[in-house]
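In what follows, a single structure is set out as structure tokens and then discussed.
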Amino acid sequence: MLMEEDVEERNCMFQESLALEATEKLFYDIIREKYLPPDDHQTAPFIEENSGNSDQNGSIDFSTYSRNATSDGNCVELGRNFDVGEYKSPHVAPQPTCQSSFSSSSSAKRVPNIFNDSPNNVVDKVKKKHADEYFRDGWRGKKKSHPWDLESKEERSSKQAAFYNGITVTSEMFDRVLLCGPEEDEDALRETWQNETTKTLQQDGQSKGSGKSHGRTKGGKKDLVDFRSLLTLCAQAVAADDRTSANKQLRQIRQHASSMGDGMQRLAHYFANSLEARLSGSGAQMYKAITTKPSAANVLKIYHLLIVVSPFVKVTNFFSNKSIAEVAEKSERLHVIDFGILYGFSWPSLIQRLSSRPGGPPKLRITGIDLPEPGFRPAERLEETGRRLADYAKCFNVPFEFNALAQKFETVQIEDLKLDNDEVLAVRSRYRFGNLPDETVVAESPRDSVLTLIRKMNPDIFILAIVNAACDTPFFMTRFREALFHYSALFDMLEENVPHNILERMLLEREVYGQEIMNIIACEGLERIERPETYKQWQVRNERIGFRQLPLDREVVEEAKEWVKSCLHKDFIIDEDGQWLRLGWKGRITHAMSSWKPAC
């Protein structure tokens with residue numbers, strides 16, 4: 001999953017915990033350095049429990065990673081930019097099912113890869129350049145023994161100066177995410193996890209996708225609980241302000257729900273929390289209290305989890321970068337405007353692709369737009385993103401310029417973008433526009449204002465990826481049922497692809513999905529920032545603003561379909577409806593993407 005009226009009060013993506021936690025962590029590091037030997041491949045043994053607040057948009061952008069997976073006969077190559085590297089799972093099998101393009105010279109099937117066109121020595125050059133450099137959130141710092149270790153940054157109010165602690169994140173971690181690497185760990189991990197989850201489901205005898213689950217064990221017995229019915233009855237009582245019935249239903253749900261149980265038990269846990277907050281009238285306060293953001297290391301883990309087990313990140317990146325590369329195929333200058341760039345994790349793969357273009361790369365200019373950080377340096381994170389991308393562009397010999405705009409999307413003016421008629425212009429938004437307020441909240445809809453601005457830019461291509469859920473309705477019960485079905489699909493997807501004890505799964509459920517559920521269920525008005533619409537609603541909105549939809553690229557669609565069908569769980573959906581490419585799970589469409597252009 002991003003914007004709200006009092007957005008200045010919320011922390012940005014990598015703002016971290018309070019001073020007490022920072023001091024405590026410093027002592028941990030001193031102890032670690034004294035008693036633990038350096039090990040660049042040591043695994044982080046726990047998920048960091050951050051107490052910092054979320055970023056100003058309340059969401060982690062699950063659209064910034066791409067990779068280049070290859071096949072040895074069953075799995076096809078699509079797009080891969082992640083090496084498990086820093087935290088290899090103990091579940092990884094010794095013999096992977098799919099071989100990397102770096103280690104296998106023969107593949108029964110191979111999809112052309114726009115992310116890995118550069119020679120391997122160029123990638124090695126980048127990695128060597130960054131091998132001994134370490135990034136903080138805003139500037140380079142000193143070396144640390146544990147590259148996976150990330151310290152919290154002091155939480156800053158609008159009256160405080162921006163400053164950083166001495167703990168660093170290595171740029172090697174970024175390279176492992178952003179550049180091409182071996183595929184073996186990912187495919188082995190996926191296969192091992194699926195084998196474990198299949199065995200668990202068979203042992204439990206759970207009815208897949210039914211909305212029912214075994215409750216907590218009592219006296220050796222497990223009761224089959226219909227959580228969907230219980231949650232719906234509880235929501236109806238909450239909507240009617242029937243506190244007696246609502247509390248009765250909540251007690252019954254909590255007897256069996258658990259954040260450590262199976263998929264439906266976990267889903268029921270987070271929905272029960274949200275219904276209780278709405279019933280008490282403290283939804284906004286509860287949302288702010290639980291809205292925390294994981295550290296950069298944990299963000300990488302979340303991305304890695306989603307890339308391994310689902311198509312939602314990888315296919316979206318492939319669709320976006322392939323479309324931009326094709327529209328700029330013969331251009332000498334390319335300008336990309338990214339609404340919600342965060343750390344720009346998807347762009348090094350495009351830079352790598354452009355570097356090997358016949359005739360030489362174009363001059364690339366990226367305008368990164370994202371919400372400002374509180375403090376005296378609101379564009380700090382964006383500027384660091386630009387410096388990091390400039391480093392990659394230099395290594396790949398791609399002429400590069402970066403323009404940082406730290407402001408709300410709806411306040412951007414066309415003059416801020418420094419448009420040039422001689423450039424090919426591409427505009428992108430992935431999973432961020434669903435958090436803009438619409439006409440039901442503000443008379444002059446910021447959602448329409450941003451789309452109107454994009455139409456005035458007259459881009460050669462506008463790429464829109466959205467979360468497909470009708471959770472923008474002002475009617476509570478309609479919104480509740482839609483959210484219940486949407487998140488049931490996501491929790492069920494995790495249940496059948498990731499074992500219960502995987503820490504990254506717990507982190508994703510608690511700090512992403514759990515927070516989104518709380519906001520959708522317990523908050524109203526401007527405090528409700530999670531407002532996804534269906535792709536059909538976006539179709540109507542875009543056409544009303546003055547866009548026409550572009551045909552899907554058949555090569556992109558077929559490559560993506562082949563990869564999903566050959567490498568991922570059989571219950572994932574990838575199909576087309578009109579000119580939308582849709583992704584989902586077990587009949588439920590959860591994400592969609594398409595390309596647009598001004599109609600005139």
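Laboratory data are not the source of any read-out in this text; all were calculated from the coordinates shown. Here the structure is a predicted model, which is why all the values come from computation and not from measurement. Every residue, glycine as well, gets a Cβ built from its backbone with ideal geometry; the counts of neighbours run over all protein chains shown.
Pairs exceeding a 19 Å alpha-carbon distance, out of K199/K301; K322/K597; K199/K570; K314/K565; K322/K418: K199/K301; K322/K418. Taking the fewest neighbouring Cβ atoms within 10 Å as the starting point, the ordered list for S349, S488, S259 is S259, S488, S349. Segment Q255..E558, full-extension length gain: 104.4 nm, with 0.36 nm per residue of separation and the alpha-carbon distance subtracted. Each of W347, W538 was scored by other Cβ atoms within 10 Å of its Cβ. Listed from fewest to most, they are W538, W347. Residue exposure proxy: M264, M493, ordered by other Cβ atoms within 10 angstrom of their Cβ from fewest to most, comes out as M493, M264. Give me the one-decimal nm value for the distance between modelled label points at F476 and C600, 7 Å along each residue's Cα-to-Cβ direction. Spacing of the two 7 Å Cα→Cβ label points: 4.6 nm. For the pair Q285 and F376, the difference between a 0.36 nm per residue extended length and the Cα-Cα distance amounts to 30.1 nm. Please label the shape of segment 256-310 as rounded, prolate or oblate, based on the square roots a ≥ b ≥ c of the eigenvalues of the alpha-carbon gyration tensor (a/c under 1.5 means rounded; beyond that, a/b larger than b/c means prolate, else oblate). Oblate, because a/c is 1.5 or more while a/b does not exceed b/c. Segment 347-397 and segment 285-341 have Cα centres spaced 14 Å apart.
Between N403 and D577, the modelled label-to-label distance comes to 3.6 nm, taking each label 7 Å out from Cα in the direction of the beta carbon. Mean separation of Cα pairs under 8 Å and 6 or more residues apart, divided by the residue count, gives segment 546-600 a relative contact order of 42 percent.
Distant-in-sequence amide contacts of W585, defined by a placed amide H-H separation under 5 Å and a gap of 5 or more residues or a different chain, comprise I573, T590. At a Förster radius of 22 Å, what calculated FRET efficiency corresponds to the Cβ-Cβ distance of R548 and E329, to the nearest 0.05? After rounding to 0.05, the efficiency reads 0.55. One Cα centroid belongs to segment 492-571, the other to segment 249-264; the line between them spans 24 Å. Report note on the peptides 521-533, 466-478: ranked by the mean count of other C-beta atoms within 10 Å, highest first, their order is 521-533, 466-478.
Phi-derived couplings, Karplus 6.51 cos²θ - 1.76 cosθ + 1.60 at θ = phi - 60°, listed residue by residue for segment 397-405: 6, 10, x, 9, 9, 10, 10, 9, 10 Hz, with x used for Gly and Pro.
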